[in-house]
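To keep things clear, I will list the structure first and then write my remarks on it.
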Amino acid sequence: MDRENLYDHDKQALLRDLENKKEGAVDYLFRTYYADLCHFARGFVDVYEDAEEAVQNVFEKIWTNGVRLQGKESLDSYLYVAVRNACVSIGRRQIRRVGLEEVADLPVEDTGEKEEGRNAALWEAVNSLPEQCRVILKLVVLEEMKYAEVAEKLGISLNTVKTQMKIAYRELRGKLSGKQLFLLFFQMKA
């Protein structure tokens, strides 16, 4: 039995060989998952070439670094999460490249009528948050601070930061559509 047929029946051998960056294991993984991962990535990006780029970036990292799964993590979940994250990175790069002015003009929600100040609605939702939520959200998202850094800066507990972020996300999800929420976080970081 050749090594590739072994991978069909022995996932542990595949994982072991991926961890050791064996060419045959990476090749097998690529041929087995590439099309499905590209299809999955299309749900996150608008252009098929961007989906392919995301998947190729994941396989390049696997080729370079191997795969080390944590605990009960499955290979499937590892690949799909990695592709999703790669798509988000591509989206961030594109939004930075397009520029905030053009992002502000993107249709956020098709309401059938012209909306003035789409950005105003986004920022109004943020500004309607309780003060502590708003401050913490801006530090985490805008300043890209870790929760522990925010807690130290504000002199509050880590659990308070986590709780306030949960409240902020819950409030924003209730006030904004999924596209608006997506744009808000990319605009804040751009």
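The values are calculated or read from the model by the stated rules, or taken from the named source; none is laboratory data. All values reported here derive from a predicted model rather than from experimental measurement. Note that we place each Cβ from the backbone using ideal geometry, even for glycine, and neighbour counts take in every protein chain shown.
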(message) Between Val98, Val108, which is of a type in the set (Val, Ile, Thr), under 27 Å from Phe44 (Cβ atoms), crowded, with 17+ Cβ neighbours inside 10 Å and at pLDDT below 75?
(response) Val108
(message) Looking at region 159-171, can you tell me whether even one residue there is surrounded by fewer than 16 Cβ atoms within 10 Å (Cβ to Cβ) and modelled with pLDDT under 75?
(response) no
(message) If I filter region 131-140 for residues that are surrounded by fewer than 13 Cβ atoms within 10 Å (Cβ to Cβ) and modelled with pLDDT of 85 or more, do I get at least one hit?
(response) yes
